[in-house]
Amino acid sequence: MAPDLSPGRVKDSPDFGFAFNEKNFSDRLLRIEIVAGFSAAKNDDDDDDEDDELDEFDEMGGHRKRRREDVNPQNVIGHEEQILNCNISDTEDGDMGANQGKDDVAMVEKLPSCNSLNSSQLGKLYASGGDESIHGKDARWSREGPIVLRVNTIHISSPILAAKSPFFYKLFSEGMREPDERQVTLRIQASEEAALMELLNYMYSNTLSTTEPSALLDILMAADKYEVASCMRYCSLLLRNVPMTCESALLYLDLPGVLATDAVESLTEAAKRFLALRYKDISKFTEEVLKLPLAGIEAVLSSDDLQVASEDVVYDLVLKWAKIHYPKLEERRKILGQRLSRVIRFPYMTCRKLKKALTCSDFNAEMVSKVVLEALFFKAEAPYRQRLYAAEEDSVTSYHRFVERAYKYRPVKVIEFEVPRQQRVVYLDLKREECASLFPSGRVYSQAFHLAGQGFFLSAHCNMDQQSSFHCFGLFLGMQEKGSVSFAVNYEFSARSKQTEGYQTKYSGNYTFTGGKAVGYRNLFAVPWTSFMADDSVYFINGVLHLRAQLTIKK
């Protein structure tokens, strides 16, 4: 029967701490070989897809990267060249000199490394294994292999370990060749010894003797390696209680082999929230953000609360980051297509920037065509359908392509006409809470839109009326500063109301614009601010204020 590994509180598990390394309560011997590290040659067959993420992360965090190796006991025992001759004994004390005639079998754990060994290299590594290899000043498993520094032997209970770990369950049920085999061997690096001993003790007592972050992280990695999910959850809980820093948050996001497991999901989510909050106002930390590793910039740019001028800024930032960290075009195109394109919310980019994206060589042409087409279809949809798309996506993915961020410049929908005259129809929607936040003297700006090659914008204000007797809602049209060009424009402001549900003209006029000038109406609805924001206000439909501006080049 397989062990029950369903999530549960640590305190609900029985405490068998009294039985740890106690001969009278044990049925097996665990032989731990502590070896010196060695530099393994890279397997030519390794898949680099996942390792391409960022070597730069090591430079930022100053830590070593590790990943879970293939530690299936059956797979390891199944290859003769991977067996160590450790003279497995069935005596009480595990005497290495007894029963020399029996098959000598040991469980060998591959050394944790960012580069795995192929079968040929493993064969060379273990071919010279023997009892004499663990003795003598200069003994080695192979000429380039690790030195066995020392051996620890611990009394263990196979039912206790198997109940906590699928790794040990498979080892005891499938990995032992003979029913009377009592001793198994794990080989670990010296740097893993303390973490493994803590892990073994936890499997008996459900507690740890340390709360030091670096030690907890090592134990977490060991728990992942030996599949002790309850210890992973416990380490995650303790680490979440430690004040987080940028360095530790990045470290938690770069846990190889651990990242996708439910046991540490709360820790990685906490790290993402920390980074997203730390760099929320991205304009203040642009240089720092450009130095973040892949996992870090994904966490920051995936946030709905990111304070940024517009999604165009996110697009430009992603391209700049990719060019810094991936100078080779092929690698840059790969990371943009597989990872970073998901954090760019193309539906909220301006049409001018979308056009540039279509011709950007950093993106795969097929991929960028697909996302731009999707963005254009989204822009053409009615607001209620846009909100529906956003809600549907929010339930299935963490990358909220259709969710609008807190942009400094509010997105607009623009319809362009060139004949019989150049004309732009611009739609700006503001939520009730956005309008409320303008009081008493705030303003919000729209994204830029263009007419006759010139950039324009809308701005909504809370200001005093001309007699300074009460606050009111105003709407203005401005032209971005660009040289000394001037030309005349006819404009019209409209808004929807509950009474007709259609757009009603509120103000119209004409104006000869020059760079940096704006024109509009201080009290668009001719009512005080309190009436405009009242619960029964006719200008908010389902909590949204719908505004429209029409601009036409004057003949």
Quick calc, the range 355-478, dipole around Cα centre from Cβ unit charges on Lys, Arg (+) and Asp, Glu (-), nearest 20 debye, gives 240
Charge dipole magnitude, Cβ of K and R +1, D and E -1 - the range 412-482, Cα centre, debye nearest 20:
60
Can you give me the relative contact order of the range 403-462 as a percent, contacts being Cα pairs under 8 Å and 6 or more apart?
31
Quick one: dipole size for the range 204-271, taken about the Cα centre, charges +1 on Lys/Arg Cβ and -1 on Asp/Glu Cβ, in debye to the nearest 20.
160
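Under a 1.4 angstrom probe, counting protein chains only, how are 262, 224, 15, 312 ranked by accessible area, largest first?
Final ranking, largest accessible area leading: 262, 15, 312, 224.
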With contacts defined as alpha carbon pairs under 8 Å and 6 or more residues apart, what's the relative contact order of the range 191-258 in percent?
29
Using eta = 1.567 mPa s and T = 4 °C, Stokes-Einstein with Kirkwood Rh from Cα pairs puts D for the range 393-463, in µm² s⁻¹, at 90
Counting other Cβ atoms within 10 Å, keep those with at most 16, restrict to DSSP loop, and tell me which trypsin sites (Lys or Arg not before Pro) in the range 362-465 are left.
408, 421
Between residue 291 and residue 334, what is the label-to-label distance in nm when each label sits 7 Å out along the Cα-to-Cβ direction?
2.7
Karplus-derived 3J(HN,Hα) from phi for the range 298-311 (6.51 cos²θ - 1.76 cosθ + 1.60, θ = phi - 60°), whole Hz, x at Gly and Pro, runs 5, 4, 5, 7, 8, 6, 6, 8, 4, 8, 9, 4, 6, 5
Please work out the C-alpha center-to-center distance from the range 352-366 to the range 320-347 and express it in whole Å.
12
At a 1.4 Å probe radius, which order do 254, 394, 27 fall into by accessible area, largest first?
394, 27, 254
Subset of 225/323; 334/408; 284/431 violating a 29 Å alpha-carbon distance limit
225/323; 334/408
Label residue 13 and residue 373 with points 7 Å out from Cα along Cα→Cβ: what is the distance between them in nm?
5.2
In this structure, the FRET efficiency calculated for residue 305 and residue 270 from their beta-carbon separation, with R0 = 22 Å, to the nearest 0.05, is 0.90
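First check a/c for the range 347-493, with a ≥ b ≥ c the square roots of the eigenvalues of its C-alpha gyration tensor; if it is under 1.5, answer rounded, and if not, answer prolate when a/b is larger than b/c or oblate otherwise.
Values: a/c = 2.27, a/b = 1.29, b/c = 1.76.
Here the range 347-493 falls in the oblate category.
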So for R0 = 51 Å, FRET eff. of residue 486-residue 535 from the Cβ-Cβ r, to 0.05, ends up at 0.70
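The values are calculated or read from the model by the stated rules, or taken from the named source; none is laboratory data. Source: prediction; values computed, not measured. Glycine also receives a Cβ, built like all others from the backbone with ideal geometry; neighbour counts cover every protein chain displayed. For the accessible areas, the whole protein counts, side chains as well, though only heavy atoms, and no ligand, DNA or RNA atoms are used. Shrake-Rupley method; radii C 1.70, N 1.55, O 1.52, S 1.80 Å.
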